[in-house]
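The values are calculated or read from the model by the stated rules, or taken from the named source; none is laboratory data. Just so you know, these numbers come straight off a predicted model, no measurement behind them. Glycine gets a Cβ as well: all are built from the backbone with ideal geometry, and neighbour counts include every protein chain shown.
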Amino acid sequence: METKNIGQVMAEGTDMDTLRNADNSGLYYVPTIAVAESLINYPQPARSAVVEVLSGAAGSAGVTQLVYERDVDDPAVWRRTMVTAARWTPWERVDGASGGDGEENSTSTTTDRPETAALRNEILVQDFTRRYNVSTGGKGAVAFRFDHGLTNFKEIVLPLLRQHQLPAGIAMNSRTWANPNNAGVTQTEANAWVTTDRIEYWAHGATHKDAANEEQLVDEIVRGLEELRAQLPAATIDGFMIPGVGGTGYNGFNAGRNLKSFSATVAGQLILANHAVSSGYRPGTVQRQLDGVVRQGLSHYSWEKATLAGVKDQVDAAIKGKTGLVLMMHPQNIGKTGFVSPAVVEGVIAYVAAKCDAGELVALSPYQLSAARL
């Protein structure tokens, strides 16, 4: 755990219920297991921990949030909110894993105010950045994203990724495993790719269908995430890839085309509250900055109908501009009329690998690219 710039050491026997004055705001470091175990009204034991007291307008005593982050083999981040000057909400685990006793679930259906989702997302991003913030060594970077279509992914794409030792991300729906485009791949096999082939998974909605109200959105976004985590236990699923849906567009979310989509819609708030990072279609973000800052709603370059020369141009632009590029496609379309052939897929993957071997480019996973810095 990163412990630099910790404001002060927490005293043995501190009652966290008493940290309710704005004067207490700041970072505290819990240095030993003895001190950690002596704390009162804290969520879980730890060898050491960091506590952050966030002051603000809510709560008549001036403190709005307590964040408890333990440093053990399975790190956890917990948060509670001050309701009144002497009353806190229960501790809630917000790092994307299950609760401390294994019965609670960290996913949130709270959409009563945008700042609730934003605060939850802030903690998820902090944990995500610690795990995925990598340096490209001053080079541009490319990440491959494949949206479901596991049949062609296994038969055409995966052997090429293995040949060139490249990572990739898959956007997957929790309830479409029986779709013909996913035939021939079991959940057990897909789960094994996490450790054998550096494949990561992103939530993509439960069904890849529209959701027109809050109940349906919770089912698609929150329950879909819970189901996918249960289906792919080897994967750490931190992100949400926006599915292309018609109808209401997730009740006005409109595919995350601007930041207001995330802050002012139920879909956006649910995505933020339950994921560290989400894709989108914000204009001008196909080539993204590499400064270590996680940004929501960044776009990608869709190459399933592109020419090999067109994809090479995008890769070359990332090299020249030292930017990040996500190359996205639906594997089920490979070889169809109007879409890329297997030969083009092979050419694109080989070109990225060659540029990496030449020291001009870095290949990252989509999660890594989301937090990468030059």
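Scanning the range 246-277 for residues that are over 16 Å from the mean Cα position of the chain (by Cα) and touching a residue at least 40 places away in the same chain (Cβ under 8 Å) yields 250, 251, 257, 263, 264, 266.
Counting only residues that are out of contact with any strand residue (DSSP E or B) (no Cβ under 8 Å at 6 or more places or on another chain) and buried (at least 20 other Cβ atoms within 10 Å of the Cβ), how many does the range 289-304 have?
Keep residues of the range 289-304 that are out of contact with any strand residue (DSSP E or B) (no Cβ under 8 Å at 6 or more places or on another chain), which gives 293.
Within this subset, residues satisfying the condition of being buried (at least 20 other Cβ atoms within 10 Å of the Cβ) are none.
Qualifying residue count, the range 289-304: 0.
Of the residues in the range 242-253, at least one is crowded, with 21+ Cβ neighbours inside 10 Å and within 26 Å of residue 190 (Cα to Cα).
Of all positions in the range 210-218, none carries a residue that is touching a strand residue (DSSP E or B) at 6+ places or on another chain (Cβ under 9 Å) and in contact (Cβ under 8 Å) with a residue 60 or more places away in the chain.
Residues of the range 272-294 that are out of contact with any helix residue (DSSP H, G or I) (no Cβ under 6 Å at 6 or more places or on another chain) and of a type in the set (A, V, I, L, M, F, W, C): 286, 290, 293. Take the residues of the range 29-51 that are assigned to a loop (DSSP other than H, G, I, E, B), in contact with a helix residue (DSSP H, G or I) (Cβ under 6 Å, 6 or more places away or on another chain) and closer than 18 Å to residue 18 by Cβ: which is modelled with the lowest pLDDT? By that ranking, first place goes to 42.
Can you confirm whether residue 319 is touching a helix residue (DSSP H, G or I) at 6+ places or on another chain (Cβ under 6 Å), within 19 Å of residue 139 (Cβ to Cβ) and among the β-branched types (Val, Ile, Thr)? When the stated conditions are applied, residue 319 does not pass them. Scanning the range 199-242 for residues that are closer than 17 Å to residue 329 by Cα and not in a loop (DSSP other than H, G, I, E, B) turns up 199, 200, 201, 202, 203, 240. Filtered by the rule that a residue be touching a Pro at 6+ places or on another chain (Cβ under 9 Å) and of a type in the set (Phe, Trp, Tyr), the range 232-289 gives 250, 262.
If a residue counts only when it is on the phi > 0 side of the Ramachandran plot, which helices (runs of 4 or more DSSP H) contained entirely in the range 247-342 have at least 1 such residues? It would help to see each step written out before you state the result.
Working: elements: 249-252, 259-263, 266-274, 308-321.
In the range 247-342, the matching helices (runs of 4 or more DSSP H) lie at 249-252.
In this structure, residue 135 does not qualify as over 21 Å from residue 355 (Cα atoms) and of a type in the set (Gly, Ala, Ser).
Test residue 157 against the stated conditions and say whether it is out of contact with any Phe, Trp or Tyr (no Cβ under 7 Å at 6 or more places or on another chain) and of a type in the set (A, V, I, L, M). Criteria not met by residue 157.
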